[in-house]
Amino acid sequence: MINLLDMTLPELESWMVGTLGEPGFRAVQVWQWLWQKMARDFEAMTNVSRTCRQRLSEVANIVWPEVVTVEQSRDGTTKFLLQLADGKRVETVLIPSESRDGTRRWTQCLSSQVGCAMGCTFCSTGHMGFERNMTMGEILGQVLVARAHLGDARPDHPVLRNLVFMGMGEPLLNLREVMRALKSLNSDKGLNFSPRRITVSTCGIEKGLRQLGESGLAYLAVSLHAPTQGLRARLMPKAAQWPLEEMLAALQNYPLKTRERITFEYLLLGGVNDGPEHARELARLAGSVKGKLNLIVYNPADGAPYAAPTEERVLAFEQILWKRHITAIVRKSKGQDIKAACGQLKAALPSSCGGQQAEA
Ligand code: SF4
C-alpha cells in the first residue's frame with residue numbers, strides 16, 4: 001500500500017495518470033482532500049468518482065501519525081507523542097503566542113528524524129542516538145495532527161501560523177525528505193505555507209546548507225551555542241567538524257531575500273558559555289553575518305550535565321551584545337514543565353534539537 005501523504009503533488013499526478021488512468025485534475029482534487037480538508041479515508045472525497053475512490057482504496061491508504069499522548073504545559077505549550085507506522089516514536093510541540101489583535105496563534109516545532117546522530121551534549125534527542133529519517137508524509141503528518149487538534153480548518157485564516165524544524169533530528173541530514181516537505185508546504189492547493197512562515201534550524205551541515213539556501217523555501221536558523229571553535233567542539237562535537245570560521249564564511253555568502261536575516265540560536269549554559277568574554281566573541285561572529293541572535297536560557301533536564309545561567313549573567317550577556325549593535329533577544333523556552341522545552345525532546349513515554357522552540 002502506498003501512503004498518499006508520501007507523495008508530492010507532481011508525483012501524485014503522474015501516479016494517478018500513469019497507474020490509475022485518471023485525468024490530471026483528479027490528483028489536484030485528491031491532494032486538496034488530503035492537505036486542506038484533512039480527509040482520512042477515500043469515502044470522504046465526494047467530488048471524486050466512486051470508481052476512482054474504490055481503486056484508490058485498493059492500492060493506497062492515508063496514514064497519519066498516531067497520537068499516543070498529548071501533554072499541556074501551564075503556559076499553553078502542547079506536546080504530542082506520536083507513533084509512526086513502524087512503531088517508532090517522535091515528538092512535536094505547539095507553542096502559543098498572542099498576535100497584536102489579541103488572538104491566539106501557534107507555532108509548531110517539527111521533528112525530521114527519529115533520534116539524531118549529531119550527539120550535541122546538551123540535547124536529550126542527541127542522547128537517543130539516530131534511528132531513522134522521517135518520510136515527507138511523516139514530517140507533514142505532524143502538521144495535520146496539529147491542525148486537527150486546533151480545529152484549524154480554514155486555510156485562508158490559519159491559527160497555526162509558523163513552522164519551525166527544531167524538533168527531533170538534524171533536518172539537513174534528511175535533506176531529500178525535508179526538501180520534498182518544504183515544496184509540498186509551499187503548494188497553494190495544499191497546506192499553503194509561505195517560506196516566510198517556515199524556519200529550518202540546523203547545527204551547520206555544509207552540503208545541505210547550500211541546497212536549502214538556493215531553494216528559497218524557508219528561513220534559516222543556525223544553532224551556534226558557542227563563540228569559539230574549541231568550545232563548540234566540546235558542546236557539539238560532530239557539528240564542530242565543520243570549522244566555525246568556515247561555516248561563518250559560508251553564511252556570509254548564503255542567499256538571502258530582501259530584509260531576510262539568518263537567526264542564530266545560542267543556548268546559554270550556566271558557567272559554560274555565558275561569560276562576558278563569550279558575549280564579546282559572539283558579537284564579533286554575529287556582526288560578520290546578516291543575522292540576529294536568539295539567546296535561549298537553558299533548562300536543565302533530569303540528570304543534565306549543565307546548569308541554568310543566572311539572571312544577572314543573562315542580562316549582562318545581552319547588554320554586551322546590544323552595546324555592540326547586535327540584535328539579541330532573550331527567549332524563554334516554553335513548555336518546561338512537560339519537557340517540551342529546549343533540548344528536552346526524546347520521545348520516551350510518557351514524555352525530548354531537540355527543540356530550541358522558544359517562540360518563533
Ligand atoms: S541539538 Fe539538534 S542537531 Fe544537536 S543532537 Fe539535538 S537534535 Fe541533533
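The values are calculated or read from the model by the stated rules, or taken from the named source; none is laboratory data. Note that this is a predicted model, so its numbers are computed, not measured. Cβ placement follows ideal geometry from the backbone for every residue including glycine, while neighbour counts extend to all protein chains displayed. For the accessible areas, the whole protein counts, side chains as well, though only heavy atoms, and no ligand, DNA or RNA atoms are used. Shrake-Rupley method; radii C 1.70, N 1.55, O 1.52, S 1.80 Å.
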>> So if I check each of A348, A307, which one is at pLDDT below 70, more than 14 Å from the ligand (Cβ to nearest atom), more than 18 Å from V222 (Cα to Cα) and open to solvent by 30 Å² or more (accessible area, probe 1.4 Å)?
In response: A348
> If you check S57 against the conditions, is it over 30 Å from A307 (Cα atoms), modelled with pLDDT of 95 or more and open to solvent by less than 70 Å² (accessible area, probe 1.4 Å)?
Replying inline: yes
> Quick one: which of R196, R176 is within 15 Å of T263 (Cα to Cα) and open to solvent by 10 Å² or more (accessible area, probe 1.4 Å)?
Replying inline: R196
>> Cβ-Cβ under 7 Å, sequence separation 6+ or interchain: first residue in the range 247-261 and under 21 Å from E206 (Cβ atoms), partner part of a loop (DSSP other than H, G, I, E, B) and β-branched (V, I, T). Which pairs?
In response: L248/V289; L251/V289; Q252/V289
> In the range 233-260, which residue that is outside any loop (DSSP other than H, G, I, E, B) and within 16 Å of the ligand (Cβ to nearest atom) is nearest to V289 (Cα to Cα)?
Replying inline: M247
> Before we move on, is G169 open to solvent by less than 10 Å² (accessible area, probe 1.4 Å), within 16 Å of the ligand (Cβ to nearest atom), at pLDDT below 95 and within 24 Å of C123 (Cα to Cα)?
Replying inline: no
>> Within the range 275-285, does at least one residue satisfy the condition of being within 24 Å of A218 (Cα to Cα) and either open to solvent by less than 10 Å² (accessible area, probe 1.4 Å) or modelled with pLDDT of 95 or more (or both)?
In response: yes
> Hey, among L182, L163, which residue is more than 21 Å from N3 (Cα to Cα), crowded, with 21+ Cβ neighbours inside 10 Å and more than 9 Å from the ligand (Cβ to nearest atom)?
Replying inline: L163
> P300: of a type outside the set (D, E, K, R) and closer than 21 Å to T121 by Cβ, yes or no?
Replying inline: yes
>> Could you check the range 248-259 and list, in sequence order, the residues that are within 21 Å of the chain's Cα centre (by Cα) and open to solvent by less than 10 Å² (accessible area, probe 1.4 Å)?
In response: L251
>> Between G102, G126, which is out of contact with any Pro (no Cβ under 6 Å at 6 or more places or on another chain), crowded, with 16+ Cβ neighbours inside 10 Å, small (G, A, S) and outside any strand (DSSP E or B)?
In response: G126
> Here are some residues: A85, A117. Which one is surrounded by fewer than 17 Cβ atoms within 10 Å (Cβ to Cβ), more than 11 Å from the ligand (Cβ to nearest atom) and among the hydrophobic types (A, V, I, L, M, F, W, C)?
Replying inline: A85
> Of the residues that sit in the range 132-151 and are among the charged types (D, E, K, R) and surrounded by 18 or more Cβ atoms within 10 Å (Cβ to Cβ), which one is farthest from the ligand (Cβ to nearest atom)?
Replying inline: R147
